[in-house]
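Read through the structure below, which is laid out as structure tokens, and then see the notes.
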Amino acid sequence: MVVSEIRKCIDNGTEFRGDLLNFRKDGSPLMNKLHLTPIYGDDETITHYMGIQFFTNANVDLGPLPGSLTKEPVRSTRFTPDNFFRPISTGPGQSNFCREYSSLFQLTDEVLCQSILSRLSPRDIASVSSVCRRLYLLTRNEDLWRMVCQNAWGSETTRALETVPAAKRLGWGRLARELTTLEAVAWRKLTVGGAVEPSRCNFSACAVGNRVVLFGGEGVNMQPMNDTFVLDLNASNPEWRHVNVSSAPPGRWGHTLSCLNGSLLVVFGGCGRQGLLNDVFTLDLDAKQPTWREIPGVAPPVPRSWHSSCTLDGTKLVVSGGCADSGVLLSDTYLLDVTMDKPVWREVPASWTPPSRLGHSMSVYGGRKILMFGGLAKSGPLRLRSSDVFTMDLSEEEPCWRCLTGSGMPGAGNPAGAGPPPRLDHVAVSLPGGRVLIFGGSVAGLHSASQLYLLDPTEEKPTWRILNVPGRPPRFAWGHSTCVVGGTKAIVLGGQTGEEWMLTEIHELSLASSTKI
């Protein structure tokens, strides 16, 4: 009866007060006084419910407890309504819902911030701030907002944001709002100095802090390159700089370059002078004498190019799909912990895998969940551009692929909204909170490659959204030439044409304001 009443109150948008009989571990009864109060947003719609529970001993005779020979009396403690809730009158013109103080507000500011508010999401904190003046003042605290961001986005993302000068000027509260609402997202064009010579395409780039690192690529007459360049965006006049490294890997293109554990770069696969590769090399960019080191992983995957990769826990490389010898498309997924003394490749077993593909993207969200989007996928005897989305939770004992979009796939959800057109070699930007931005690549039909699409896979019903972004976007954007710097901007290298890579002109997709207003 009580549960039905709770459901009825939530459906009607009204508050609930009631007593629920519960039991302790030892079987003795206790009473749960529950109060649920709706919280309203700026548009007078209910955005959240605040729940208060107060436990007291229940003076109920239920007979002897199991295993007891004698029944001992249970003392009940009575609390008057004045000790539990204290109503506040509202003036004319204010909202007509009842606002109340509860025992929650008997807690100290320190306990409220560290034990309760810090565990809420940025959106929830924004809503809670409208409850009363005390909560409003508490939610103006920068230390609280840092804890909220760290709990919501993870320590790695928070540490990356701390290195961004613009993020420091904005403050954690403003930064959380802008990265959540994307209200400040904008394109801008940058001109940088230096040069990446010889000229090339099909290289791979990634971010190390606020530095962009470029490795390898395809030179003139399909010449595989193996040099390393760095662009420091924190410099007053950013310019490309060639890095003198020892023991460079064989030249290649169509490979992946990822960053592990702060400044450790890892290269996998690609196409070299002698054909396809499946080797792994690492480079500590901050070492006194940067040196590439080959990682002799046991049981490696088959050689491949145009695969996709991402990183987990700052130590593990995840490799998926790609193109093997004779143009065979792959659908496997492998993990390698490069910090082990003797690294061993481990294939992720799955009862069902997405259709084999190349040119797709892999993103990490929610700690250990990965999201696959797009690519050139096998469809019967054909190979077609794809716009399907697949996810896998690698924290599960038996990880399995789930399909969020796509027809005829196991567990297909087909979320609402106008999804991105099928594409490959596109850009996937992971945002704090698990959302993914998609743009660029080789797009089917006459659709614009610069249109941005947003998907939150953590929603109960994931929905594609189109972002209309001010500024002039690049005409072309390719996945392996794009990286996210400091968690607040995506850097797109090149962009004049799909064949001529203008590395002195780059485009920046800013996710947060650059200056404080």
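The values are calculated or read from the model by the stated rules, or taken from the named source; none is laboratory data. All values derive from a computational prediction rather than experimental measurement. Cβ placement follows ideal geometry from the backbone for every residue including glycine, while neighbour counts extend to all protein chains displayed. Note: areas computed on protein heavy atoms with side chains; ligands, DNA, RNA excluded. Shrake-Rupley method; radii C 1.70, N 1.55, O 1.52, S 1.80 Å.
Within segment 349-372, work out how many residues are hydrophobic (A, V, I, L, M, F, W, C) and over 23 Å from GLY254 (Cα atoms). Don't jump to the end; show me each part of the working.
Of segment 349-372, the ones hydrophobic (A, V, I, L, M, F, W, C) are 350, 352, 358, 362, 364, 370-372.
From the residues that got through so far, the ones that are over 23 Å from GLY254 (Cα atoms) too are 350, 352.
Selection size over segment 349-372: 2.
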For segment 349-376 the number of residues that are open to solvent by 10 Å² or more (accessible area, probe 1.4 Å) and either without any contact (Cβ under 8 Å) to a residue 40 or more places away in the chain or part of a loop (DSSP other than H, G, I, E, B) (or both) is 11
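Name the single residue, out of those in segment 323-348 being acidic (Asp, Glu) and under 20 Å from VAL266 (Cα atoms), that is surrounded by the fewest Cβ atoms within 10 Å (Cβ to Cβ).
Out of the qualifying residues, it is ASP341.
Among the residues of segment 288-310, what is the count of those that are small (Gly, Ala, Ser) and exposed (fewer than 14 other Cβ atoms within 10 Å of the Cβ)?
Filtering segment 288-310 for residues small (Gly, Ala, Ser) gives 297, 299, 305, 308-309.
Right, trim to exposed (fewer than 14 other Cβ atoms within 10 Å of the Cβ) and you get 299.
Selection size over segment 288-310: 1.
State whether one or more residues within segment 166-180 are of a type in the set (A, V, I, L, M), assigned to a helix (DSSP H, G or I) and touching a Lys or Arg at 6+ places or on another chain (Cβ under 7 Å). Let's see the steps before the verdict.
Of all residues in segment 166-180, those of a type in the set (A, V, I, L, M) come to 166-167, 170, 175-176, 179.
Next cut, assigned to a helix (DSSP H, G or I) only: 166-167, 170, 175-176, 179.
Cutting the leftovers down to touching a Lys or Arg at 6+ places or on another chain (Cβ under 7 Å) gives us 170.
Scanning segment 166-180, I find at least one residue that is of a type in the set (A, V, I, L, M), assigned to a helix (DSSP H, G or I) and touching a Lys or Arg at 6+ places or on another chain (Cβ under 7 Å), so the answer is yes.
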GLU178 fails exactly one of the following numbered conditions: (1) crowded, with 18+ Cβ neighbours inside 10 Å; (2) more than 18 Å from the chain's Cα centre (by Cα). What is the number of that condition? (2)
Considering only segment 188-209, state which residues are open to solvent by 20 Å² or more (accessible area, probe 1.4 Å), under 30 Å from SER305 (Cα atoms) and either in a helix (DSSP H, G or I) or among the hydroxyl-bearing types (Ser, Thr, Tyr) (or both). SER199
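Tally up the residues in segment 311-322 that are open to solvent by 20 Å² or more (accessible area, probe 1.4 Å) and touching a Cys at 6+ places or on another chain (Cβ under 9 Å), please. Before the answer, list the steps.
Initial filter on segment 311-322 (open to solvent by 20 Å² or more (accessible area, probe 1.4 Å)): 311, 313, 315-316.
Those still in the list that are touching a Cys at 6+ places or on another chain (Cβ under 9 Å) too: 311.
Counting residues in segment 311-322 that are open to solvent by 20 Å² or more (accessible area, probe 1.4 Å) and touching a Cys at 6+ places or on another chain (Cβ under 9 Å) gives 1.
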If you go through segment 306-319 one residue at a time, do you hit one that is touching a residue at least 12 places away in the same chain (Cβ under 8 Å), under 27 Å from HIS426 (Cβ atoms), among the charged types (D, E, K, R) and outside any strand (DSSP E or B)? yes
So which strands (runs of 3 or more DSSP E) are wholly in segment 240-286 and hold at least 2 residues that are within 22 Å of PRO303 (Cα to Cα) and either assigned by the TED database to the domain that holds ILE491 or open to solvent by less than 30 Å² (accessible area, probe 1.4 Å) (or both)? 256-260, 264-272, 275-284
Can you go through VAL185, VAL220 and tell me which one is open to solvent by 60 Å² or more (accessible area, probe 1.4 Å), hydrophobic (A, V, I, L, M, F, W, C) and touching a residue at least 12 places away in the same chain (Cβ under 8 Å)? VAL220
Number of the condition not met by ASP456 [criteria: (1) in contact (Cβ under 8 Å) with a residue 24 or more places away in the chain; (2) within 14 Å of THR180 (Cα to Cα)]: (1)
How about segment 451-486: which of its residues are open to solvent by 30 Å² or more (accessible area, probe 1.4 Å), under 20 Å from ASN202 (Cα atoms) and more than 18 Å from the chain's Cα centre (by Cα)? ARG475, PHE476, TRP478, HIS480
Exactly one condition in (1) within 24 Å of the chain's Cα centre (by Cα); (2) within 22 Å of CYS483 (Cα to Cα) is false for GLU347; which is it? (2)
Within segment 105-136, the residues that are closer than 17 Å to PRO432 by Cα and either outside any helix (DSSP H, G or I) or among the aliphatic types (A, V, I, L, M) (or both) are LEU120, SER121, ILE125, ALA126
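Could you list all residues from segment 223-239 that are of a type in the set (S, T, N, Q) and assigned to a strand (DSSP E or B)? Quick ask: steps written out before the conclusion?
First pass over segment 223-239, keeping only residues of a type in the set (S, T, N, Q): 223, 226, 228, 234, 236-237.
Matches in segment 223-239: ASN226, THR228.
Would you pick out the residues in segment 28-55 that are of a type in the set (Ser, Thr, Tyr) and either at pLDDT below 80 or under 20 Å from VAL3 (Cβ atoms) (or both)?
From segment 28-55, those of a type in the set (Ser, Thr, Tyr) are 28, 37, 40, 45, 47, 49; that's our starting set.
Matches in segment 28-55: SER28, THR37, TYR49.
Of all residues being within 25 Å of the chain's Cα centre (by Cα) and outside any strand (DSSP E or B) in segment 320-344, which is modelled with the lowest pLDDT? Just the residue, please.
The first filter runs over segment 320-344 and keeps only residues within 25 Å of the chain's Cα centre (by Cα), leaving 320-322, 331-339.
Keeping just the survivors that are outside any strand (DSSP E or B) gives 338-339.
Values: VAL338: 91, THR339: 87.
Per the stated criteria, the residue is THR339.
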